[in-house]
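Step one of this worksheet: look at the structure below.
The values are calculated or read from the model by the stated rules, or taken from the named source; none is laboratory data. Just so it is clear, the structure is predicted and the values come from calculations on it, not from any experiment. Cβ placement follows ideal geometry from the backbone for every residue including glycine, while neighbour counts extend to all protein chains displayed.
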2 protein chains.
Amino acid sequence: MLFAIIMAGGSGTRFWPKSRRNRPKQLLNLHGDATMLQQTVARIAPLVPPERILIITGADQAEATREQLPELPASNVIAEPCPRDTAPCVGLAAEIVAAQDPEGTMIVMPADHVIQPEAVFLKAVKAAVAVVDADPASLVTFGVKPTRPETGYGYIQRGEALESRDGVAVNKVVQFREKPDLETAQQFLAAGNFAWNAGIFVWRARTILHEINRHKPLLGAALDRVGNAWGTSAGPEVLAAEFPNMERTPIDKAVMEKADSVKVLEVVYDWNDVGDWRALRPLLPVDDHGNAVQGEVVAVDTKDSILISDDGGLIATIGLDDVVVIQSGGATLVARRDQLDKLKGLVESLKDGRHASYL
Amino acid sequence: MLFAIIMAGGSGTRFWPKSRRNRPKQLLNLHGDATMLQQTVARIAPLVPPERILIITGADQAEATREQLPELPASNVIAEPCPRDTAPCVGLAAEIVAAQDPEGTMIVMPADHVIQPEAVFLKAVKAAVAVVDADPASLVTFGVKPTRPETGYGYIQRGEALESRDGVAVNKVVQFREKPDLETAQQFLAAGNFAWNAGIFVWRARTILHEINRHKPLLGAALDRVGNAWGTSAGPEVLAAEFPNMERTPIDKAVMEKADSVKVLEVVYDWNDVGDWRALRPLLPVDDHGNAVQGEVVAVDTKDSILISDDGGLIATIGLDDVVVIQSGGATLVARRDQLDKLKGLVESLKDGRHASYL
């Protein structure tokens, strides 16, 4: 059976002031008619029924997450006791899946990415499941065909071609690469055998647990203790005791870069990890002057800006160029677009002072 | 007796969104502990008791004006039926003064200028009154000694020296000049015999009415009809009937540029007509990066900007330079400082659309 694991953590700094500690990106409706989490669930719903969709989220966000997904059993929203990066998260989900179906396959995906069109995505998921069914030892990862020398994404170097499954190319993985500089990204694009690491994985629960045990035995043992207690009355207590001691490490580093049977599917859809306000721009309607506008806004001689009024108030601008103005929850951000990287630091700085209520 | 006439009209566009139609500049507390109107009344109070201070304002603003000045008799706040520029305003005030004291002297001043120090101002007022007492035909105007080639002010060219009254130089006026271009302003400054027209006048009520009758006989006759009815039960009705038909003209043009006995006092105080947000900057505390800040503000890598949060909300900025951010009454203005001249047009444009509630 196929299970969907949606990783819905996040600290809520990149989309401040709209995102907050208890309302991070995936719980926001940044574009379209639903929150990013709801869109993610809807995207996989044609292949996975609600009872087999699991959301792994933070304790602060579990309640809001359940509210947004009333069609899911409440127990399918699982709160991590503390953030421990993706390896413990994925391992926990694998334990839960394996307990329900020892032969269960799981797709792991972030809650806060945009993928279009959905039909292409679903076709790729089916191909990935077929690859895993044919070779249950496979660890399948999605590699998005790059369209520009993007420096904000990680890359996967594709190696030997293995097969073409329903028209989707399956290759061995040579290496994973962190976010490159521009020159390197241009080389990757020119080389033709690099893909964006979309953070989507398909594998048997048992297989990934086996690999975690092999490469991170302490983590694997801790996960097994949680898995053994899961579904019993001791489950929450064991999770609370074990999880904080698990190694804080991403699944890419802990397993994918070391495992043998890693395969990459070349997927050809529009993909946007919506990393910050800038990345939202292509998803919003844009006026004649290149402004992405939401809510009550009057813009005079303003261009290439992102202007969002979320509180019902009016934003009026004069003479802006490449500026982000966001009003939400009683706070207003006004930032030059090319300096948005400083937003994280700004939000961090709010912790210390009298503005902590805006976190 | 000396009467003070405070002209407190204004449409509330230059300080939008803090200023609104029924809350124009003079009713705002833009700096310090009191509104500009209250500061103006306090400034003249050492020389004029409350019962001889008259405020001429608009019908929309009369109520708020009375609330701000509880020490004045309510009837001393006079609402013009409609805006008719300063000649009808001054003439109406002169009729009211003359009815109370045929020999009464009046000082006319705007409600929304900043003057410091007050002692220098009061000394100039006393000198002006002495000039009028010595020659009741005098029309005295205040000329501020210019300190820079300002293009935003009108100028007065000083002519023949007449006297020095208590150390204040009194000269004939050669001409009034509208706001000059920069080159002309530089010439004025270099010439040494030009002063800024501060919009403050001292004269006998009877004298200015005589001059209005001489240069604008239709206006003078209409004013006399209002004056004759003033204080009777027909007063308000006659005012409402006559005022809208009066010529819309400034007192400078209607009388001062034509009259013979115009004298200019050279006053040497800091004067700021607080024309828009930019002019407010020198009056506010400024941080190490040249930012004038009021209310809850967090500024990262931001300089030479004006950042005011008036609603209690938080303004957070990143990477701004020379930008004005004002949050007030549910609206937020974000404008490049060098393009603030477009604010008036922006506010005008709100009239037509669904944002008229922000006027």
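Annotations for the structure displayed:
- Within segment A:106-134, the set of residues being assigned to a helix (DSSP H, G or I) and among the small types (Gly, Ala, Ser) comprises A:119, A:124, A:127, A:128, A:130, A:134.
- The condition (being closer than 25 Å to residue B:274 by Cα, at pLDDT 95 or above and touching a helix residue (DSSP H, G or I) at 6+ places or on another chain (Cβ under 7 Å)) is satisfied by just one residue among B:128, B:195, B:111: B:111.
- Residue match in segment A:83-95 (condition: more than 16 Å from the chain's Cα centre (by Cα) and outside any helix (DSSP H, G or I)): no
- Test for residue A:65: is it touching a residue at least 40 places away in the same chain (Cβ under 8 Å), in contact with a strand residue (DSSP E or B) (Cβ under 8 Å, 6 or more places away or on another chain) and farther than 16 Å from residue A:22 by Cβ: no
- Test for residue A:57: is it away from chain B (no Cβ under 14 Å) and of a type in the set (S, T, N, Q): yes
- Test: residue A:240 is touching a residue at least 12 places away in the same chain (Cβ under 8 Å), aliphatic (A, V, I, L, M) and in contact with a Lys or Arg (Cβ under 7 Å, 6 or more places away or on another chain): no
- Pick from segment B:119-135, criterion touching a residue at least 60 places away in the same chain (Cβ under 8 Å) and closer than 17 Å to residue B:172 by Cβ, ranking: surrounded by the most Cβ atoms within 10 Å (Cβ to Cβ): B:128
- Selection status of residue A:13, touching a residue at least 40 places away in the same chain (Cβ under 8 Å), touching a strand residue (DSSP E or B) at 6+ places or on another chain (Cβ under 8 Å) and surrounded by 18 or more Cβ atoms within 10 Å (Cβ to Cβ): no
- Residues of segment B:31-47 that are modelled with pLDDT of 90 or more and either outside any helix (DSSP H, G or I) or closer than 24 Å to residue B:308 by Cα (or both): B:34, B:35, B:36, B:37, B:38, B:39, B:40, B:45, B:46, B:47.
- Test: residue B:185 is of a type outside the set (Ser, Thr, Tyr), under 21 Å from residue B:159 (Cβ atoms) and touching a Ser or Thr at 6+ places or on another chain (Cβ under 6 Å): yes
- Subset of segment A:308-347 that is touching a Pro at 6+ places or on another chain (Cβ under 8 Å) and hydroxyl-bearing (Ser, Thr, Tyr) - its residue that is nearest to residue A:296 (Cα to Cα): A:328
- Residues in segment A:346-359 that are of a type in the set (A, V, I, L, M, F, W, C) and part of a helix (DSSP H, G or I) were compared, and the one that is nearest to the other protein chains (Cβ to nearest Cβ) is A:346.
- The residues of segment B:1-15 that are aromatic (Phe, Trp, Tyr) and either closer than 16 Å to residue B:328 by Cβ or assigned to a loop (DSSP other than H, G, I, E, B) (or both) amount to a single one, B:15.
- Within this structure, residue B:272 passes the test of being of a type in the set (S, T, N, Q), within 22 Å of the chain's Cα centre (by Cα) and within 25 Å of residue B:36 (Cα to Cα).
- Filtered by the rule that a residue be surrounded by 14 or more Cβ atoms within 10 Å (Cβ to Cβ) and polar (S, T, N, Q), segment B:228-250 gives B:228, B:249.
- Residues of segment B:53-82 classified as crowded, with 18+ Cβ neighbours inside 10 Å and among the hydroxyl-bearing types (Ser, Thr, Tyr), total: 2
Residues are listed down the side, and each one gets a yes or a no for (1) touching a Lys or Arg at 6+ places or on another chain (Cβ under 6 Å); (2) of a type in the set (D, E, K, R); (3) without any contact (Cβ under 8 Å) to a residue 24 or more places away in the chain; (4) assigned by TED's automatic domain parsing to the domain that holds residue B:15:
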site	(1), (2), (3), (4)
B:220	no, no, no, yes
B:256	no, no, no, yes
B:261	no, no, no, yes
B:281	no, yes, no, no
B:293	no, no, yes, no
B:308	no, no, no, no
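- Residues that are part of a loop (DSSP other than H, G, I, E, B), surrounded by 20 or more Cβ atoms within 10 Å (Cβ to Cβ) and not aliphatic (A, V, I, L, M), drawn from segment A:16-30: A:16, A:17, A:18, A:19, A:24
- Only listed residue being of a type outside the set (Gly, Ala, Ser) and farther than 30 Å from residue A:120 by Cβ, chosen from A:301, A:276, A:287, A:270: A:301
- The residue of segment A:45-75 that is nearest to residue A:109 (Cα to Cα), among those that are of a type in the set (Ser, Thr, Tyr) and out of contact with any helix residue (DSSP H, G or I) (no Cβ under 6 Å at 6 or more places or on another chain), is A:65.
- Against the test of being in a helix (DSSP H, G or I) and outside the structural domain of residue A:344 (by TED's automatic domain parsing), the options A:71, A:51, A:103 yield a single qualifying residue, A:51.
- Residues that are part of a strand (DSSP E or B) and farther than 20 Å from residue A:105 by Cα, drawn from segment A:135-150: A:144
- Tabulated pairs, segment A:92-118, first under 17 Å from residue A:226 (Cβ atoms), second of a type in the set (Asp, Glu), C-beta under 8 angstrom, 6+ apart or interchain: A:92/A:80; A:95/A:224
- Pair list, Cβ under 9 Å, 6 or more apart: segment B:194-208 residue under 15 Å from residue B:148 (Cα atoms), other residue charged (D, E, K, R) and buried (at least 22 other Cβ atoms within 10 Å of the Cβ): B:194/B:158; B:195/B:158
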